[in-house]
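Colleague: Take this structure, written in structure tokens, and hold onto it; I'll ask about it next.
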Amino acid sequence: MRRNELLLATGTRESEIERRVTGVQSDMKRKWDNDDTGDNKRMPKEESAPYVIVVHGPPKVGKSSLIKSLVKHYTHKTLADITNPLRSYFFFPGGQRRIQFVECPNNVNGMIDAAKYADAVIFLIDASYEFEMETFEFLNLLRVHGMPEVMGVLTYLDSFTNVDYLKKTKDYLKDRFKTEISETAEVFCLCGLDHGMYSKDEICELASFISLMEVHPLSARAGHPYVLVDRFEDVTPPEEVGMHNECTRDVILYGYLRGSVIEKGTKVHIAGIGDFHLAGVTRVADPFPLPPVDGHNLEVDLDEVTYLEIESFKPGTYLMFEVRGVPSEIITSRPPCQPILVGGITPKEENAAYMQADLKQHSWHTKSLKTNNPIIVSVGWRRYQTTPIYVREDRHGRYQMLEHIPEDTPCLAVFWGPLAPPNTRVVAVQSLADHEAAFRILATGVVLNNQAAKIVKKSKCIGTPCCNKGALKYSEMEGCSTYRRDR
């Protein structure tokens, strides 16, 4: 979407946002009042949000081609190009179910966020190249933030000319996928492209599995409200942007509420941007509603859907968030295809303090992590840089500082940051910038508590022992020794 399509031309920040909210509410009330079905006191039943299926794979592995083929299967229309700026597409796979496909970015930020909102994942594997590092990086992130349903898709099978070798490769990759990723995972084969589309029969098999698979909500997300934004608007007055392009922005974010109930006045974290108070939360018309049951809408108490008075919103509701004073980076620096994740935070999580976490260095990271060396951690919805101190508890119950994190053994890490509740999972990376590091995951762990620890540093004594007799009698000196430093 172009900038001039996002900006609104008139009004101040306050009046502009209020005008948009009032307009949305008026449209919904008008539809309510003009309902001529004879049943205008009925509203659709609250439905769960669409399941999010993340399509992941290294560059050029066929993610866009797979999405276009699924679009063709579900809509019988050809998608010329992936033009949706947030790489997000909604479908009815049949029955009372909605699915949202999201193409996963290959940068670290995008993969960290995707691991937090994915309900299921399609791993694309280039059969001619086998497993690549991005696959294992994303797999580790999924295991930290809650392992969803996964399935595999083998591509570039048409590059094999030897039939026997092709069969052996398919069997090998299927077995390795189940060993490395999930024993219960299904693996599908896509043998080649025809005019940019995969075979209709192969896509039909994959789509049928998606339509019938069981998606289990992850308990780690059930207690936290969050929204995967599917569109957003910059409503900052154009004259302010014209005067200073780096000015803070007022934005409106749209998406389905997931996880738990959210209340007006809740503070949220926009991943990669920061914490903000919601200036407004409004329920708007579902852009992708389920078809009514038996041709009739289900009755819901009118009081539950009074848009101007409601104070909290249930999961599955399509919402509009108003956020003011957002750094300009959300417009000027954010990758255009990077999905936006917004998570609710509790009042306790607004504070910062020392936290203790049980942390273990990843076996694939070859360099030992040093105390006070900066790392970037993803904890809850947030990711930030911090300088951990690695410690261990001795037999006397004291916490001793370590110079390095132990190899193959978890240890206690104490670091400063925004508070997260105990049992929140942690993942550490060296940098969020794209680079050619062999493996970007440094360590994984879990928050233990939000208490500071008294840490003692191991001291070293150097020199040679000697006996300083002085004025003491021999009986007082017997067995005593002091350390004299070498000069």
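The values are calculated or read from the model by the stated rules, or taken from the named source; none is laboratory data. All of these numbers come straight from a predicted model, not from anything done at the bench. Because the Cβ atoms are built from the backbone with ideal geometry, glycine has one as well, and the counts that use them run over all protein chains shown. Remember, those area values only see protein heavy atoms, side chains included, never the ligands or the DNA or RNA. Shrake-Rupley method; radii C 1.70, N 1.55, O 1.52, S 1.80 Å.
Colleague: Using alpha carbon centroids, what distance separates segment 200-222 and segment 243-295, in Å?
Modeller: 26
Colleague: At 7 Å along Cα-to-Cβ for each site, give me the label-to-label distance between residue 457 and residue 314 in nm.
Modeller: Going by the 7 Å Cα→Cβ label model, 5.8 nm.
Colleague: Using θ = phi - 60° and the Karplus form 6.51 cos²θ - 1.76 cosθ + 1.60, what ³J(HN,Hα) does each residue of segment 200-207 get, whole Hz, x for Gly and Pro?
Modeller: Running phi through 6.51 cos²θ - 1.76 cosθ + 1.60 with θ = phi - 60° gives 4, 5, 5, 5, 4, 5, 5, 5 Hz.
Colleague: OK, next. Output ³J(HN,Hα) for segment 343-350: one whole-Hz value per residue in order, computed from phi by the Karplus curve 6.51 cos²θ - 1.76 cosθ + 1.60 with θ = phi - 60°, and x for Gly and Pro.
Modeller: The phi angles translate into x, x, 10, 7, x, 5, 6, 7 Hz.
Colleague: Would you mind telling me the share, in percent, of accessible area of segment 120-165 contributed by carbon and sulfur at probe 1.4 angstrom?
Modeller: 44
Colleague: How many Å² of accessible area per residue for segment 89-192, probe 1.4 Å?
Modeller: I get 39 Å² per residue for this part.
Colleague: Still on this structure, please answer the following. Report the calculated FRET efficiency for residue 385 and residue 132 (r = Cβ-Cβ distance, R0 = 22 Å), to the nearest 0.05.
Modeller: E between residue 385 and residue 132, to the nearest 0.05, is 0.20.
Colleague: Right, next: Suppose a student asked you for the relative contact order of segment 104-253, using Cα pairs under 8 Å spaced at least 6 residues apart; what percent would you report?
Modeller: Across segment 104-253, relative contact order equals 20 percent.
Colleague: Shifting gears a bit: Taking Cα pairs under 8 Å and at least six residues apart, what relative contact order does segment 122-190 come out at, in percent?
Modeller: 41
Colleague: Kindly write out, for segment 52-62 in residue order, the coupling ³J(HN,Hα) from the Karplus curve 6.51 cos²θ - 1.76 cosθ + 1.60 (θ = phi - 60°), rounded to whole Hz, with x marking Gly and Pro.
Modeller: 9, 10, 8, 9, 10, x, x, x, 6, 8, x
Colleague: Filter the GluC sites (Glu not before Pro) in segment 213-272 down to the DSSP loop ones having no more than 12 other Cβ atoms within 10 Å, then list what survives.
Modeller: Those that pass, being in a loop and sparsely packed, are 214, 246.
Colleague: How many nm separate the modelled label positions at residue 239 and residue 346, each set 7 Å beyond the Cα in the direction of the Cβ?
Modeller: 4.5
Colleague: Taking the Cα of residue 143, stepping 7 Å toward and past its beta carbon, and measuring to each backbone N in segment 158-192: which are under 15 Å?
Modeller: Once the point is set 7 Å along Cα→Cβ of residue 143, 177-184 turn out to lie under 15 Å by backbone N, inside segment 158-192.
Colleague: Also, I was wondering about something else. Among the listed pairs 72/314; 360/457; 68/178; 116/348, give every one whose C-alpha distance is greater than 29 Å.
Modeller: Listed pairs above 29 Å: 72/314.
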